[in-house]
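Read the structure below first, then the notes.
FYI, it's all coordinate maths here, none of it is from the lab. The structure displayed is predicted, hence computed values, not measured ones. All Cβ positions, even for glycine, are placed from backbone atoms using ideal geometry, and neighbour counts span all protein chains on display.
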């Protein structure tokens, strides 16, 4: 049975679930002899999370998040050329550069793409486990408010 | 993994910025820019230091390659609105750059003019003003006379005016609006 290909929008989410060292070391191994140059300067820093209030629709800053981004151009030893990019809620430049490289390798199926795809599948499985755990935790915090109605009726009687 | 040219690296940019400050403080003195190669011109090195997403740039003579713009992370604007304007000094161009206002004279344009050669040449300028001990001479090749007329017109209503950064292949010279220039 043919599996549906994993959407490109999910690759970075999946790979970022794995240990950073695993991603970076595979990328270093695969890109041996390749030329990787930035299309824009890789950036890392704090981004301000902006929301609009519901009453007046005025913007306010909820807080700060670490954010990094990279956009790269890859030329393999055989002369194959492609681009990749990644944006991550994390301040590690080395990791986001590695994720941008994974994006490039998978997008054009450069040599070694099968290993990256295997890592993406592994990452998606990890994300699924985290999702189930979060659902379980959320279920524990749910309150049965219907019990309050019974208490209210009792008070009305007294 | 990623190969980043030295002009885009923080250490080089900090050193270049220091040179720019010195150049503005001592108008007319030539400063050699760092890590200039065949791929990266002096003009691009200066832009790499000054540009970011908060300022705007006009490139009317198309001196920048398409791939330079995302690296500079700068917004492109029209000539009369841009904070920085990169021009070929040998070509004439008729326009009125931003001159600032009396309340905010710093909100004016800075012109980055690319000339053929700094420090020697047929054009000989006499410079006086703040940062210059007495008189300074600046020689160059590749600056059309039109630019000097334009500078004189723009800076006629000081403190409004424009500041210049002249670059050749490897060097730069700054001429802030406070410097009086006379052609010899």
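Of note:
- For chain A: relative contact order, % (alpha-carbon pairs under 8 angstrom, 6 or more apart): 23 percent
- Taking other Cβ atoms within 10 Å as a rough exposure proxy, B:84, B:26 sort from fewest to most as B:26, B:84.
- For the protein assembly as shown, the mean projected area of the C-alpha convex hull, equal to one quarter of the hull surface, is 28.6 nm².
- Largest first and in whole Å, the equivalent-ellipsoid semi-axes of region A:8-105 read 32, 14, 11, each the square root of five times a Cα gyration tensor eigenvalue.
- Share, in percent, of DSSP beta bridges within region B:108-184 that are antiparallel, nearest 5: 75 percent
- FRET efficiency for the residue B:178 to residue A:81 pair, using the beta carbon distance and R₀ = 45 Å, is estimated at 0.40.
- Based on Cα contacts under 8 Å between residues 6+ apart, region B:142-184 shows a relative contact order of 25 percent.
- For region B:40-77 versus region B:127-152, the gap between their alpha-carbon centres in whole angstrom: 25 Å
- Counted by neighbouring Cβ atoms within 10 Å, the residues B:179, A:141 run from fewest to most as A:141, B:179.
- Over chain B, Cα pairs under 8 Å with separation of 6+ residues give a relative contact order of 24 percent.
- For region A:4-81 versus region B:1-39, the gap between their alpha-carbon centres in whole angstrom: 29 Å
- Between residue B:141 and residue B:128, the distance separating the two model label sites (each 7 Å from Cα on the Cα→Cβ line) works out to 3.0 nm.
- Three-way shape call for region B:1-128 based on the alpha-carbon gyration tensor, with the a/c threshold at 1.5: rounded
- Ordered by the number of other Cβ atoms lying within 10 Å of each residue's own Cβ, fewest first, A:140, B:146 fall into the sequence A:140, B:146.
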